[in-house]
Amino acid sequence: MTGTVNACLRCQLGDFTLDVDLTLPGSGITAIFGHSGCGKTTLLRCLAGLQPAEGHLSVLGEPWQAGKLSRPVHHRPLAYVFQETNLFPHLSVRKNLLYGYRRVPKAHRKIEPEQVHQWLGLSPLLERMPAGLSGGERQRVAIGRALLTSPRLLLMDEPLTALDQQSKQDILPYLERLRDSLELPVLYVSHSTAEVARLADHIVMMDQGRVVAQGPLQETLARTDHPFRLEENAGVILEGTIVEVDTRWHLCRLAFDGGELWLRHHDHLSEGMTVRVQVLARDISLALEENPVQSIQNLLPACIDQIDTEVTPGTSLVRLGAGPTAFLARLTTRSLHQLQLEQGQQVWMQIKSVALMD
(Lines give C-alpha, C1' and ligand atoms only; values in the text may rest on other atoms or scores of the structure.)
Protein backbone atom coordinates (compact mmCIF):
# COMPACT_ATOMS: atom_id res chain seq x y z
CA MET A 1 0.00 0.00 0.00
CA THR A 2 1.42 3.40 -1.02
CA GLY A 3 2.37 5.60 1.93
CA THR A 4 3.08 2.81 4.41
CA VAL A 5 5.77 0.34 5.41
CA ASN A 6 4.45 -3.22 5.18
CA ALA A 7 6.48 -6.10 6.59
CA CYS A 8 5.52 -9.73 7.09
CA LEU A 9 8.82 -11.35 8.02
CA ARG A 10 10.06 -14.47 9.76
CA CYS A 11 13.60 -15.50 10.61
CA GLN A 12 15.17 -18.15 12.82
CA LEU A 13 18.30 -17.48 14.88
CA GLY A 14 19.13 -20.58 16.89
CA ASP A 15 16.33 -21.02 19.42
CA PHE A 16 14.98 -17.50 18.77
CA THR A 17 12.22 -16.90 16.20
CA LEU A 18 11.23 -13.49 14.86
CA ASP A 19 7.73 -13.55 13.37
CA VAL A 20 6.12 -10.16 12.69
CA ASP A 21 3.33 -8.69 10.59
CA LEU A 22 3.43 -4.90 10.50
CA THR A 23 1.74 -2.01 8.74
CA LEU A 24 3.48 1.24 9.70
CA PRO A 25 2.90 4.89 8.75
CA GLY A 26 4.91 6.32 5.87
CA SER A 27 6.10 9.30 7.92
CA GLY A 28 6.84 10.23 11.53
CA ILE A 29 8.58 8.17 14.20
CA THR A 30 7.48 4.62 14.95
CA ALA A 31 8.96 3.34 18.21
CA ILE A 32 9.94 -0.34 18.29
CA PHE A 33 9.59 -0.98 22.01
CA GLY A 34 10.30 -3.92 24.27
CA HIS A 35 12.69 -5.51 26.74
CA SER A 36 16.23 -6.53 25.80
CA GLY A 37 16.23 -9.70 23.74
CA CYS A 38 12.68 -9.33 22.41
CA GLY A 39 13.83 -8.99 18.77
CA LYS A 40 13.92 -5.21 18.19
CA THR A 41 17.39 -5.12 16.63
CA THR A 42 16.77 -8.34 14.72
CA LEU A 43 13.70 -6.72 13.16
CA LEU A 44 15.73 -3.71 12.02
CA ARG A 45 18.43 -5.98 10.59
CA CYS A 46 15.81 -7.92 8.63
CA LEU A 47 14.35 -4.67 7.25
CA ALA A 48 17.82 -3.55 6.23
CA GLY A 49 18.62 -6.87 4.55
CA LEU A 50 21.47 -7.54 6.97
CA GLN A 51 19.68 -10.61 8.33
CA PRO A 52 18.06 -13.09 5.93
CA ALA A 53 14.32 -13.47 6.49
CA GLU A 54 11.37 -15.08 4.77
CA GLY A 55 8.32 -13.10 3.76
CA HIS A 56 7.66 -9.80 2.07
CA LEU A 57 8.55 -6.15 2.62
CA SER A 58 7.42 -2.99 0.83
CA VAL A 59 8.36 0.60 1.65
CA LEU A 60 6.15 3.44 0.45
CA GLY A 61 4.68 1.24 -2.26
CA GLU A 62 8.04 -0.07 -3.47
CA PRO A 63 8.69 -3.83 -3.03
CA TRP A 64 12.01 -4.62 -1.35
CA GLN A 65 11.32 -8.29 -0.74
CA ALA A 66 8.75 -10.71 -2.11
CA GLY A 67 9.08 -14.45 -1.71
CA LYS A 68 12.57 -15.56 -2.74
CA LEU A 69 13.36 -12.23 -4.41
CA SER A 70 15.09 -9.82 -2.05
CA ARG A 71 17.00 -6.63 -2.72
CA PRO A 72 20.56 -6.75 -1.40
CA VAL A 73 21.52 -4.28 1.31
CA HIS A 74 23.23 -1.83 -1.04
CA HIS A 75 20.11 -1.59 -3.21
CA ARG A 76 17.78 -0.69 -0.34
CA PRO A 77 17.49 3.12 -0.06
CA LEU A 78 17.72 3.28 3.73
CA ALA A 79 19.98 4.71 6.39
CA TYR A 80 20.91 2.99 9.65
CA VAL A 81 21.98 4.86 12.80
CA PHE A 82 23.65 2.61 15.39
CA GLN A 83 24.46 3.11 19.06
CA GLU A 84 28.07 3.76 18.09
CA THR A 85 28.53 6.71 15.74
CA ASN A 86 31.42 5.27 13.68
CA LEU A 87 32.45 8.70 12.37
CA PHE A 88 35.58 8.88 10.26
CA PRO A 89 38.16 10.17 12.77
CA HIS A 90 40.40 11.75 10.08
CA LEU A 91 37.57 13.79 8.52
CA SER A 92 36.01 17.01 9.82
CA VAL A 93 32.33 17.17 10.69
CA ARG A 94 31.62 18.80 7.32
CA LYS A 95 33.43 16.04 5.41
CA ASN A 96 31.76 13.31 7.49
CA LEU A 97 28.39 14.78 6.60
CA LEU A 98 29.21 15.02 2.91
CA TYR A 99 30.64 11.50 2.67
CA GLY A 100 27.31 9.86 1.81
CA TYR A 101 25.77 12.94 0.20
CA ARG A 102 28.36 13.03 -2.59
CA ARG A 103 27.62 9.41 -3.45
CA VAL A 104 23.93 10.09 -4.07
CA PRO A 105 23.14 11.06 -7.69
CA LYS A 106 21.99 14.68 -7.88
CA ALA A 107 18.59 13.67 -9.22
CA HIS A 108 17.99 11.51 -6.11
CA ARG A 109 19.05 14.07 -3.49
CA LYS A 110 16.01 15.03 -1.42
CA ILE A 111 17.77 16.39 1.67
CA GLU A 112 20.41 19.13 1.44
CA PRO A 113 23.31 19.85 3.85
CA GLU A 114 21.89 23.24 4.88
CA GLN A 115 18.65 21.58 6.01
CA VAL A 116 20.54 19.05 8.12
CA HIS A 117 22.75 21.77 9.63
CA GLN A 118 19.61 23.63 10.71
CA TRP A 119 17.63 20.64 11.97
CA LEU A 120 20.50 19.26 14.05
CA GLY A 121 22.26 22.50 15.04
CA LEU A 122 25.49 21.47 13.31
CA SER A 123 26.66 24.79 11.82
CA PRO A 124 29.02 25.62 14.75
CA LEU A 125 30.60 22.15 14.52
CA LEU A 126 31.38 21.88 10.82
CA GLU A 127 35.14 22.49 10.99
CA ARG A 128 35.74 20.45 14.13
CA MET A 129 37.12 16.91 14.26
CA PRO A 130 35.19 13.99 15.81
CA ALA A 131 37.72 13.64 18.67
CA GLY A 132 36.76 17.11 19.89
CA LEU A 133 33.01 16.44 20.04
CA SER A 134 30.85 15.37 22.94
CA GLY A 135 28.88 12.12 22.74
CA GLY A 136 25.68 13.95 21.91
CA GLU A 137 27.39 16.03 19.23
CA ARG A 138 28.89 12.94 17.62
CA GLN A 139 25.47 11.28 17.50
CA ARG A 140 23.93 14.37 15.90
CA VAL A 141 26.62 14.23 13.21
CA ALA A 142 25.97 10.52 12.67
CA ILE A 143 22.25 11.18 12.24
CA GLY A 144 22.99 14.05 9.86
CA ARG A 145 25.31 11.88 7.79
CA ALA A 146 22.59 9.23 7.53
CA LEU A 147 19.97 11.77 6.44
CA LEU A 148 22.21 13.16 3.71
CA THR A 149 22.01 9.84 1.86
CA SER A 150 18.34 10.85 1.20
CA PRO A 151 16.93 7.52 2.46
CA ARG A 152 13.37 6.34 1.96
CA LEU A 153 13.53 4.65 5.37
CA LEU A 154 15.57 5.65 8.44
CA LEU A 155 16.40 2.99 11.02
CA MET A 156 17.68 4.08 14.46
CA ASP A 157 18.85 1.38 16.87
CA GLU A 158 18.83 2.83 20.41
CA PRO A 159 20.85 5.87 19.30
CA LEU A 160 20.90 7.42 22.79
CA THR A 161 21.92 4.34 24.80
CA ALA A 162 25.63 5.21 24.90
CA LEU A 163 24.98 8.80 26.07
CA ASP A 164 24.89 10.14 29.62
CA GLN A 165 21.66 11.64 30.92
CA GLN A 166 22.62 15.25 30.15
CA SER A 167 23.63 14.37 26.58
CA LYS A 168 20.30 12.60 26.10
CA GLN A 169 18.42 15.68 27.26
CA ASP A 170 20.51 17.84 24.93
CA ILE A 171 19.83 15.76 21.82
CA LEU A 172 16.11 15.03 22.30
CA PRO A 173 14.94 18.47 21.10
CA TYR A 174 16.84 17.91 17.84
CA LEU A 175 15.14 14.54 17.36
CA GLU A 176 11.77 16.21 17.96
CA ARG A 177 12.65 18.75 15.27
CA LEU A 178 13.47 15.92 12.87
CA ARG A 179 10.16 14.22 13.64
CA ASP A 180 8.31 17.41 12.76
CA SER A 181 10.39 18.18 9.64
CA LEU A 182 11.02 14.88 7.88
CA GLU A 183 8.61 13.30 5.43
CA LEU A 184 9.90 9.75 5.66
CA PRO A 185 9.28 6.80 7.99
CA VAL A 186 11.65 6.53 10.96
CA LEU A 187 11.82 3.29 12.96
CA TYR A 188 13.28 4.03 16.36
CA VAL A 189 14.30 1.11 18.58
CA SER A 190 14.15 1.82 22.32
CA HIS A 191 13.39 0.27 25.70
CA SER A 192 13.07 3.73 27.29
CA THR A 193 9.48 4.74 27.98
CA ALA A 194 10.61 8.37 28.33
CA GLU A 195 12.12 8.45 24.82
CA VAL A 196 9.11 6.71 23.33
CA ALA A 197 6.66 9.04 25.07
CA ARG A 198 8.48 12.12 23.89
CA LEU A 199 9.33 11.19 20.31
CA ALA A 200 7.00 8.57 18.86
CA ASP A 201 3.79 9.02 16.88
CA HIS A 202 3.25 5.27 16.47
CA ILE A 203 4.41 2.31 18.55
CA VAL A 204 5.13 -1.37 18.02
CA MET A 205 5.39 -3.39 21.23
CA MET A 206 7.41 -6.61 20.97
CA ASP A 207 7.80 -9.59 23.24
CA GLN A 208 9.73 -12.80 22.48
CA GLY A 209 10.05 -12.09 18.78
CA ARG A 210 6.41 -11.21 18.19
CA VAL A 211 4.32 -8.07 17.98
CA VAL A 212 1.96 -7.88 20.96
CA ALA A 213 0.48 -4.45 20.14
CA GLN A 214 0.85 -1.78 17.47
CA GLY A 215 -0.89 1.46 16.59
CA PRO A 216 -0.95 5.21 17.30
CA LEU A 217 1.02 5.99 20.46
CA GLN A 218 -1.72 7.44 22.67
CA GLU A 219 -4.30 4.84 21.70
CA THR A 220 -1.95 1.87 22.10
CA LEU A 221 -0.51 2.90 25.47
CA ALA A 222 -4.06 3.14 26.82
CA ARG A 223 -4.83 -0.49 26.00
CA THR A 224 -5.09 -2.99 28.85
CA ASP A 225 -4.07 -6.11 26.94
CA HIS A 226 -0.33 -5.66 26.35
CA PRO A 227 2.39 -7.09 28.63
CA PHE A 228 3.83 -3.66 29.59
CA ARG A 229 0.64 -2.33 31.19
CA LEU A 230 1.80 -3.12 34.73
CA GLU A 231 5.32 -1.73 34.52
CA GLU A 232 6.27 1.12 36.82
CA ASN A 233 6.04 3.75 34.06
CA ALA A 234 2.87 2.42 32.42
CA GLY A 235 0.37 5.14 31.62
CA VAL A 236 -0.88 7.40 28.85
CA ILE A 237 0.52 10.29 26.84
CA LEU A 238 -1.55 13.42 26.28
CA GLU A 239 -0.92 16.29 23.90
CA GLY A 240 -2.38 19.66 24.79
CA THR A 241 -1.95 23.42 24.82
CA ILE A 242 -0.71 25.63 27.67
CA VAL A 243 -3.60 28.05 28.31
CA GLU A 244 -2.42 29.68 31.56
CA VAL A 245 0.84 30.26 33.40
CA ASP A 246 0.46 30.84 37.16
CA THR A 247 3.72 32.48 38.22
CA ARG A 248 2.67 32.73 41.87
CA TRP A 249 2.39 28.96 42.35
CA HIS A 250 4.82 27.94 39.59
CA LEU A 251 2.12 25.99 37.78
CA CYS A 252 0.63 26.02 34.31
CA ARG A 253 -2.73 24.83 33.02
CA LEU A 254 -2.88 22.41 30.10
CA ALA A 255 -6.02 22.09 27.99
CA PHE A 256 -6.47 18.79 26.15
CA ASP A 257 -9.33 17.10 24.34
CA GLY A 258 -11.31 16.04 27.38
CA GLY A 259 -10.42 18.53 30.11
CA GLU A 260 -7.65 20.48 31.77
CA LEU A 261 -4.70 19.59 34.00
CA TRP A 262 -2.31 21.55 36.18
CA LEU A 263 1.39 20.74 35.90
CA ARG A 264 4.60 22.22 37.25
CA HIS A 265 5.77 25.25 35.30
CA HIS A 266 9.09 25.11 33.47
CA ASP A 267 10.94 28.22 32.33
CA HIS A 268 10.60 27.42 28.63
CA LEU A 269 6.80 27.05 28.78
CA SER A 270 4.51 29.85 27.67
CA GLU A 271 0.86 30.28 26.79
CA GLY A 272 -0.08 28.82 23.42
CA MET A 273 2.64 26.14 23.41
CA THR A 274 1.72 22.57 22.45
CA VAL A 275 3.34 19.99 24.71
CA ARG A 276 3.16 16.31 25.58
CA VAL A 277 2.61 15.09 29.12
CA GLN A 278 2.62 11.64 30.70
CA VAL A 279 0.04 10.52 33.24
CA LEU A 280 1.02 7.28 34.97
CA ALA A 281 -1.54 4.66 35.93
CA ARG A 282 -0.10 4.52 39.44
CA ASP A 283 -0.78 8.26 39.91
CA ILE A 284 -4.56 8.06 39.39
CA SER A 285 -7.02 7.28 42.16
CA LEU A 286 -10.79 7.15 41.74
CA ALA A 287 -13.66 8.60 43.75
CA LEU A 288 -17.43 8.28 43.42
CA GLU A 289 -17.95 11.99 44.14
CA GLU A 290 -15.98 15.17 43.53
CA ASN A 291 -13.93 16.14 46.58
CA PRO A 292 -12.22 19.52 46.06
CA VAL A 293 -11.09 19.74 49.71
CA GLN A 294 -7.82 17.84 49.32
CA SER A 295 -4.22 18.33 48.24
CA ILE A 296 -4.61 16.74 44.80
CA GLN A 297 -5.12 19.58 42.31
CA ASN A 298 -6.27 17.60 39.25
CA LEU A 299 -9.84 16.31 39.47
CA LEU A 300 -11.50 15.14 36.27
CA PRO A 301 -14.89 13.55 35.63
CA ALA A 302 -14.59 10.33 33.66
CA CYS A 303 -16.48 7.25 32.58
CA ILE A 304 -15.21 3.71 33.17
CA ASP A 305 -14.66 2.00 29.82
CA GLN A 306 -13.14 -1.27 30.95
CA ILE A 307 -12.08 -3.10 34.12
CA ASP A 308 -9.46 -5.84 34.18
CA THR A 309 -9.51 -7.48 37.60
CA GLU A 310 -6.61 -9.34 39.16
CA VAL A 311 -4.13 -8.60 36.35
CA THR A 312 -1.68 -9.51 39.10
CA PRO A 313 -2.68 -10.80 42.54
CA GLY A 314 -4.41 -7.95 44.35
CA THR A 315 -4.06 -5.45 41.49
CA SER A 316 -6.64 -4.38 38.91
CA LEU A 317 -6.49 -2.02 35.94
CA VAL A 318 -9.23 0.42 34.97
CA ARG A 319 -9.47 2.19 31.64
CA LEU A 320 -11.39 5.47 31.73
CA GLY A 321 -12.49 8.10 29.26
CA ALA A 322 -12.43 11.83 29.87
CA GLY A 323 -14.29 12.81 26.74
CA PRO A 324 -12.41 11.15 23.86
CA THR A 325 -9.16 10.86 25.85
CA ALA A 326 -8.33 7.55 27.52
CA PHE A 327 -6.60 7.11 30.89
CA LEU A 328 -5.42 4.08 32.85
CA ALA A 329 -5.71 3.74 36.62
CA ARG A 330 -4.00 1.02 38.66
CA LEU A 331 -5.99 0.10 41.77
CA THR A 332 -5.94 -2.57 44.42
CA THR A 333 -8.64 -5.12 43.76
CA ARG A 334 -9.88 -4.47 47.29
CA SER A 335 -10.59 -0.79 46.54
CA LEU A 336 -12.29 -1.82 43.30
CA HIS A 337 -14.74 -3.96 45.24
CA GLN A 338 -15.18 -1.46 48.07
CA LEU A 339 -16.24 1.22 45.58
CA GLN A 340 -18.31 -1.33 43.61
CA LEU A 341 -16.91 0.01 40.36
CA GLU A 342 -18.38 -1.25 37.09
CA GLN A 343 -18.19 -0.55 33.39
CA GLY A 344 -20.13 2.54 32.26
CA GLN A 345 -20.03 4.16 35.72
CA GLN A 346 -19.28 7.88 36.13
CA VAL A 347 -16.43 8.60 38.55
CA TRP A 348 -13.88 11.29 39.39
CA MET A 349 -10.22 10.80 38.59
CA GLN A 350 -7.81 12.25 41.14
CA ILE A 351 -4.49 12.70 39.37
CA LYS A 352 -1.54 13.09 41.72
CA SER A 353 1.14 14.01 39.22
CA VAL A 354 1.51 15.04 35.58
CA ALA A 355 4.95 14.76 34.00
CA LEU A 356 5.97 17.10 31.19
CA MET A 357 7.85 15.21 28.46
CA ASP A 358 10.66 17.75 28.04
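The values are calculated or read from the model by the stated rules, or taken from the named source; none is laboratory data. Since this is a predicted model, take the numbers as computed values, not measurements. FYI the Cβ positions are ideal-geometry reconstructions off the backbone, even for glycines, and counts take in every protein chain you see.
Things to note:
- None of Arg45, Arg94 is closer than 24 Å to Ile171 by Cα and assigned to a helix (DSSP H, G or I) except Arg94.
- Out of Arg264, Arg319, one residue alone is surrounded by 15 or more Cβ atoms within 10 Å (Cβ to Cβ) and in contact with a strand residue (DSSP E or B) (Cβ under 8 Å, 6 or more places away or on another chain). It is Arg319.
- In region 336-351, the residues that are touching a residue at least 40 places away in the same chain (Cβ under 8 Å) and more than 24 Å from the chain's Cα centre (by Cα): Leu339, Leu341, Gly344, Gln345, Gln346, Val347, Trp348, Met349, Gln350
- A residue that is over 11 Å from the mean Cα position of the chain (by Cα), in contact (Cβ under 8 Å) with a residue 12 or more places away in the chain and either assigned to a loop (DSSP other than H, G, I, E, B) or surrounded by fewer than 23 Cβ atoms within 10 Å (Cβ to Cβ) (or both) cannot be found anywhere in region 191-203.
- Qualifying residue in region 34-41 (condition: in the same structural domain as Leu148 (by TED's automatic domain parsing), surrounded by 17 or more Cβ atoms within 10 Å (Cβ to Cβ) and closer than 23 Å to Tyr99 by Cα): no
- Looking across region 137-165, the residues that are part of a loop (DSSP other than H, G, I, E, B) and of a type in the set (S, T, N, Q) come down to Thr149, Ser150, Thr161.
- Odd one out for Glu158 among (1) among the charged types (D, E, K, R); (2) in contact with a Lys or Arg (Cβ under 9 Å, 6 or more places away or on another chain); (3) closer than 28 Å to Ala31 by Cβ; (4) surrounded by fewer than 17 Cβ atoms within 10 Å (Cβ to Cβ): (4)
- All positions within region 242-252 that are free of Cβ contacts under 8 Å to residues at least 24 places away in the same chain and not hydrophobic (A, V, I, L, M, F, W, C): Asp246, Thr247, Arg248, His250
- In the set Ser150, Ser123, only one residue is in contact with a Lys or Arg (Cβ under 6 Å, 6 or more places away or on another chain) and of a type in the set (Gly, Ala, Ser); that residue is Ser150.
- Matching residues in region 197-238 - criterion: being closer than 15 Å to Gln278 by Cβ and of a type in the set (Val, Ile, Thr): Ile203, Thr220, Val236, Ile237
- Search result, residues across region 103-118 that are assigned to a loop (DSSP other than H, G, I, E, B) and aliphatic (A, V, I, L, M): Val104, Ile111
- Region 253-282 - residue that is assigned to a strand (DSSP E or B), among the aliphatic types (A, V, I, L, M) and in contact (Cβ under 8 Å) with a residue 24 or more places away in the chain and, of those, nearest to Glu195 (Cα to Cα): Val277
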